[in-house]
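Before any comments, here is the structure.
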There are 2 protein chains.
Amino acid sequence: MRDVAIIGVGCTEFGELWEKSFRELFVEAGVSAIQDANIQGGKIDALFVGNMSGGRFIEQEHLGALIADYSGLASLHIASTRVEAACASGGLALRQGIIAVASGYHDIVIAGGAEKMTDVDVETTTHALTAAADREWEGVMGATFPGLYAMIARLHMHRYGTTQEQLASVAVKNHHNGSMNPKAQFQNEISIDAVLNSIMVADPLHVFDCSPITDGAAAVVLAPADVAKKYTDTPIYVKASAQASGTLSLHDRPDITTLDATVAAGNRAYRMAGLSPKDIDFAEVHDCFTIAEICALEDLGFVKKGEGGKATESGMTAIGGEIPINPSGGLKACGHPVGATGVKQAVEIVLQLRGEAGKREIAGAEIGLTHNVGGSGGTAVVHIFGRER
Amino acid sequence: MRDVAIIGVGCTEFGELWEKSFRELFVEAGVSAIQDANIQGGKIDALFVGNMSGGRFIEQEHLGALIADYSGLASLHIASTRVEAACASGGLALRQGIIAVASGYHDIVIAGGAEKMTDVDVETTTHALTAAADREWEGVMGATFPGLYAMIARLHMHRYGTTQEQLASVAVKNHHNGSMNPKAQFQNEISIDAVLNSIMVADPLHVFDCSPITDGAAAVVLAPADVAKKYTDTPIYVKASAQASGTLSLHDRPDITTLDATVAAGNRAYRMAGLSPKDIDFAEVHDCFTIAEICALEDLGFVKKGEGGKATESGMTAIGGEIPINPSGGLKACGHPVGATGVKQAVEIVLQLRGEAGKREIAGAEIGLTHNVGGSGGTAVVHIFGRER
C-alpha cells in the first residue's frame, strides 16, 4: 500500500451562489486545486466526485462523467467516479481517491465534492435531505433532520445535564471562527442570546443551532507520498483514512447520544495512524447541528461522554484552546453544501498545517483530524493528516 | 498492488418485482453471493453499492449505509459506499471494490448493484433516466435515451449500411440466450419479424430494440487472489479493471457511432491484462439498445468499425460462434436494472468460467470480458476475468 499526500487544495466561496451552476462550482474548486498543486490538468488520471443528491437538486446524475467532461478531461478519458453517502459524500470521495492512489491504480487524483442546493425551493431541499435517513422507517413518518438531531439533543440534555447555552456556545464559537474565513457563508459573530432567541426549528434546536443550506465545492489533489515533494514543498500526508457504518435509523441504536459509526471510524483511524486523541492538535468535525459537534467531541475521544457541552462552554475547543474544533467555522458558519463538506474539512486542515489559514491559524499545529457524518450517523469518515509523513 | 479474485456470486431474478423492495433485492443478491463463497457475513469488511437513482426511484439516498444496516452488518460498522455512474454504476462499484482489495485497505469485499425501477410510473422512470445525459444540453431539450441511441443507429445505418434486420438480429440472439437463463426478465424467443413489427419508439429503434425497465440486484464477493483458494476451488481472477470517461453529451463527440470511452477503457483493459481482443473467449457487453451492442463489438475490437451488424447477422456472436456476446441474454432479454447490470455481467462471466451456466454454457471458455456503459458513453468500464491467474 502506497502512502498518499495532498499536494493541492481548492475551495469556492460557500453560500447562496445563484450565479453558479453545479458544474461551474466543481470545476472552479478543481482548477484552483490544480493551480495550487502547480500541475497541468493533463497529469490528472482520476477524479472522484462527492455529491449527495444531484438527481433531486439539479435533475442530474452521472456526475463523474459530467465533471470530467466540463473540466476538459473527457478527451483524456480519465476515470471519473461519483461517490454518495449523504452528507458524508465528500469524505468518502476523498477516501476513495486515497485508496485509488494507495493501490497503484491511479497516480494523480482529484477528490472533490460539490452540492448545488439553492436551485430548488426549501421544501424540496428538506425533502431531498430526508433521503439521507431511512425512508421506510423515518422519512415516511415525517422525520426531518432537525427533528432527528433534536431527539439526540433532548436525551443528551436529560442524561448529562447539557444546557441550551452549551449548545449555543458551539454556534457562537463557530461563527467567531467563520468571521475569520473569507470563504464562509456566515462571517458574522453571534451571541448566546441571539441563538437562544432565534426561531425554534425542532425543540431544543433553534435555527442558529442548525447548519444552513449552501452551494459550494471543494477539491484536493492527491499524489503518492514518495513523489509529493516533486510538486510542492509542503505536502500534507494522509496518516489515516477510516470509514464505518452505523444503523441508518436512529431508533435502532442502543444509545442515540453516541454515533457508534463515529466511534468505530475514529478508533480505526487512530490505530492506522498509531495515534490517540491526545495527539490530535485540532479537528474539523461534522457540526450539522450544535449537538452533533458535542457528540463528536465525545465520540472521537477528545472529552468523556457527556462532557462535550461543558468543554465547549469552557473555551477548550476555541482557537487557542486545548483542542480547537472547526477553525473553518464548521458546517454551522462556513456552510454545508452536503457533498462538499467532507472535502472542505480536509482543505482547512491543509491550510492550517501549511500555516496559510490567516487570522484563524492554529499556531504550531502538526496533526489535524477530519470527521464527516452521513445522515444521523449511518456513515462516518475520519481522516488524520500530518505535516510529517 | 494485490491481485484480486471473485470467490462468490449472487443474483436475484430480474423483472417487475412488485413484492420486493430495493433493500430486499440487494440483500438477497448479497446473501446468495456470501453463501456461494461459503463464508460468514462477519468476514466482510467493506461493501460497495452500485445504484443510479435511488433518490428519484425510491426517495432514498445514503444507500451504502442502508444496505450495511439492512444486511445486519452495521453492528460490525463495515465500510459501505455507494457508487454512481448512471447505467455503469454497477461496473464502477465492482471496480471500486477491486481497487479496495488491491490496495490492502480491505480484504473481503462485497461489490453489488441494485435498482428498483418499477415503484414509479413510466414517465418518472424515463425522466429519471434522462439524468444520465447532460441535463443542460440534452435533457432540457427533450432528448431521451431511445432518442439519443436512435441518432447513433441512424448514422451507423447511413455510414456503414447497417440494416434494421441486423439491429433486430441482436435482439433475436439475446432473447434466444435469455430463454436459457432462469433469472432473465424475458425468457421467450422472438423473431426478426416480431422486432420489425413492434412499436417504433425512436426511429429506427423499435420497442424490441430497447432493453426493458427492470428491478433486480447482483453481487460478487472479492478477495485477495493469494487467499482465494482458501474459500473456493474455483476462484475467478480479475485480469484487468479499466474505466474511462467520454463527453456526457452526444453532440460533443467527433463521431457518434464510436463510444470513445469504450475504446479507451477497452485498450486500457487489454494492456493491463496483456491480452488482445482475439484472446477473449466471450463477452457481456452493454446492449441497452441493439445498436449499442453493434457499436460495442466494434469499439472493443472484436470486429472492424462498421461490421458489427453483419457480424451479428452471420451468427459470429451467438453461443457457439467465434465470439459469443451476451450469453446471459444481455440487457435486452435479461433486463436492465441500471445499477445492477455491471455486476450481473460479472456474475455471468463467473458462472460461465466455472462451467455453471447450464444450457447457455460456452464450452471451454477461459477468458471473459464485461463492458458496462453509463449514459450514451460518458462512462465505460471494462473488466477481463480468467480461470487462471
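Within the stretch B:288-311, the residues that satisfy the criterion of being out of contact with any strand residue (DSSP E or B) (no Cβ under 8 Å at 6 or more places or on another chain) and touching a residue at least 40 places away in the same chain (Cβ under 8 Å) are B:Ile294, B:Cys295, B:Glu298, B:Asp299, B:Lys305, B:Gly306, B:Glu307, B:Gly308, B:Gly309, B:Lys310.
Scanning the stretch A:261-284 for residues that are outside any helix (DSSP H, G or I) and touching a His at 6+ places or on another chain (Cβ under 8 Å), which turns out surrounded by the most Cβ atoms within 10 Å (Cβ to Cβ)?
Ranking the candidates gives A:Glu284 first.
Close contacts from the stretch B:55-76, counting a first residue that is β-branched (Val, Ile, Thr) and a second that is surrounded by 21 or more Cβ atoms within 10 Å (Cβ to Cβ) and in a helix (DSSP H, G or I), with Cβ to Cβ under 6 Å and a gap of 6+ residues or different chains, come to B:Ile58/B:Phe22; B:Ile67/B:Phe26.
Only one entry of B:Asp226, B:Asp233, B:Asp209, B:Asp252 meets the criterion of being acidic (Asp, Glu) and surrounded by 19 or more Cβ atoms within 10 Å (Cβ to Cβ), and that entry is B:Asp209. Out of the residues in the stretch A:60-95 that are small (Gly, Ala, Ser) and more than 7 Å from chain B (Cβ to nearest Cβ), which is surrounded by the most Cβ atoms within 10 Å (Cβ to Cβ)? Selected residue: A:Ala88.
Going by what's in this entry, would A:Asp287 be described as more than 14 Å from chain B (Cβ to nearest Cβ), in a loop (DSSP other than H, G, I, E, B), under 30 Å from A:Ala29 (Cα atoms) and under 15 Å from the mean Cα position of the chain (by Cα)? Spelling it out, A:Asp287 is indeed more than 14 Å from chain B (Cβ to nearest Cβ), in a loop (DSSP other than H, G, I, E, B), under 30 Å from A:Ala29 (Cα atoms) and under 15 Å from the mean Cα position of the chain (by Cα). For the stretch B:299-321, a residue qualifies if it is surrounded by fewer than 24 Cβ atoms within 10 Å (Cβ to Cβ) and not hydrophobic (A, V, I, L, M, F, W, C), and the qualifying residues are B:Gly301, B:Lys304, B:Lys305, B:Gly306, B:Glu307, B:Lys310, B:Glu313, B:Ser314, B:Gly315, B:Gly320, B:Gly321. Please specify each residue of the stretch B:322-337 satisfying the condition of being of a type outside the set (Asp, Glu) and either in contact with a Ser or Thr (Cβ under 6 Å, 6 or more places away or on another chain) or surrounded by fewer than 24 Cβ atoms within 10 Å (Cβ to Cβ) (or both). Within the stretch B:322-337, B:Ile323, B:Pro324, B:Ile325, B:Leu331, B:Lys332, B:Cys334, B:Gly335, B:His336, B:Pro337 meet the criteria.
Could you list all residues from the stretch B:207-256 that are outside any strand (DSSP E or B), among the hydroxyl-bearing types (Ser, Thr, Tyr) and either within 24 Å of A:Thr81 (Cα to Cα) or within 14 Å of another protein chain (Cβ to nearest Cβ) (or both)? Matches in the stretch B:207-256: B:Thr214, B:Thr247, B:Ser249. Selection over the stretch B:100-116 of residues that are crowded, with 24+ Cβ neighbours inside 10 Å and closer than 12 Å to B:Phe48 by Cβ gives a count of 8. Restrict the check to the stretch B:250-260 and report whether at least one residue is touching a strand residue (DSSP E or B) at 6+ places or on another chain (Cβ under 9 Å) and outside the structural domain of B:Lys43 (by TED's automatic domain parsing). Yes, the stretch B:250-260 has at least one match.
Within the stretch A:350-373, the set of residues being under 22 Å from A:Ser276 (Cα atoms) and without any contact (Cβ under 8 Å) to a residue 12 or more places away in the chain comprises just one member, A:Ala363.
Looking at B:Leu17, B:Leu66, B:Leu25, which one is of a type outside the set (S, T, N, Q) and within 24 Å of A:Gly50 (Cβ to Cβ)? Full working, then the answer.
Numbers: B:Leu17 fails: within 24 Å of A:Gly50 (Cβ to Cβ); B:Leu25 fails: within 24 Å of A:Gly50 (Cβ to Cβ).
Just a single option satisfies the conditions, and that option is B:Leu66.
Please work out which residue is surrounded by the fewest Cβ atoms within 10 Å (Cβ to Cβ), limiting yourself to the stretch B:117-145 and to residues that are outside any helix (DSSP H, G or I) and of a type in the set (D, E, K, R).
Step by step, filter the stretch B:117-145, then rank; the result is B:Asp121.
Among the residues of the stretch B:363-386, write down those that are surrounded by 19 or more Cβ atoms within 10 Å (Cβ to Cβ) and in a loop (DSSP other than H, G, I, E, B). If you could, list the steps in order and put the result at the bottom.
First, the residues of the stretch B:363-386 that are surrounded by 19 or more Cβ atoms within 10 Å (Cβ to Cβ): B:365, B:367-386.
Passing the criteria: B:Ala365, B:Gly375, B:Ser376, B:Gly377, B:Gly378.
When you check B:Val170 against the structure, is it outside the structural domain of B:Ile294 (by TED's automatic domain parsing) and crowded, with 16+ Cβ neighbours inside 10 Å, yes or no? So B:Val170 fails the test. Scanning the stretch B:134-154 for any residue that is in contact (Cβ under 8 Å) with a residue 12 or more places away in the chain and either outside the structural domain of B:Gly339 (by TED's automatic domain parsing) or over 18 Å from B:Ala202 (Cα atoms) (or both) turns up at least one such residue. Considering (1) over 24 Å from B:Arg159 (Cα atoms); (2) buried (at least 22 other Cβ atoms within 10 Å of the Cβ), the lone condition that B:Cys288 does not fulfil carries the number (1). In the stretch B:208-216 there is at least one residue matching the filter, namely being modelled with pLDDT of 95 or more, farther than 30 Å from A:Gly72 by Cα and more than 16 Å from the chain's Cα centre (by Cα).
Give the residue that is surrounded by the fewest Cβ atoms within 10 Å (Cβ to Cβ), with candidates limited to residues of the stretch A:2-48 that are touching a Phe, Trp or Tyr at 6+ places or on another chain (Cβ under 7 Å) and within 14 Å of another protein chain (Cβ to nearest Cβ). Step by step, filter the stretch A:2-48, then rank; the result is A:Asp3. Residues in the stretch B:146-191 that are in contact with a Cys (Cβ under 9 Å, 6 or more places away or on another chain), assigned to a helix (DSSP H, G or I) and among the polar types (S, T, N, Q): B:Asn174, B:Asn177.
The values are calculated or read from the model by the stated rules, or taken from the named source; none is laboratory data. Keep in mind that this is a model prediction, so the values were computed, not measured. Quick reminder, even Gly has a Cβ in these numbers, built from the backbone with ideal geometry, and neighbours come from all protein chains shown.
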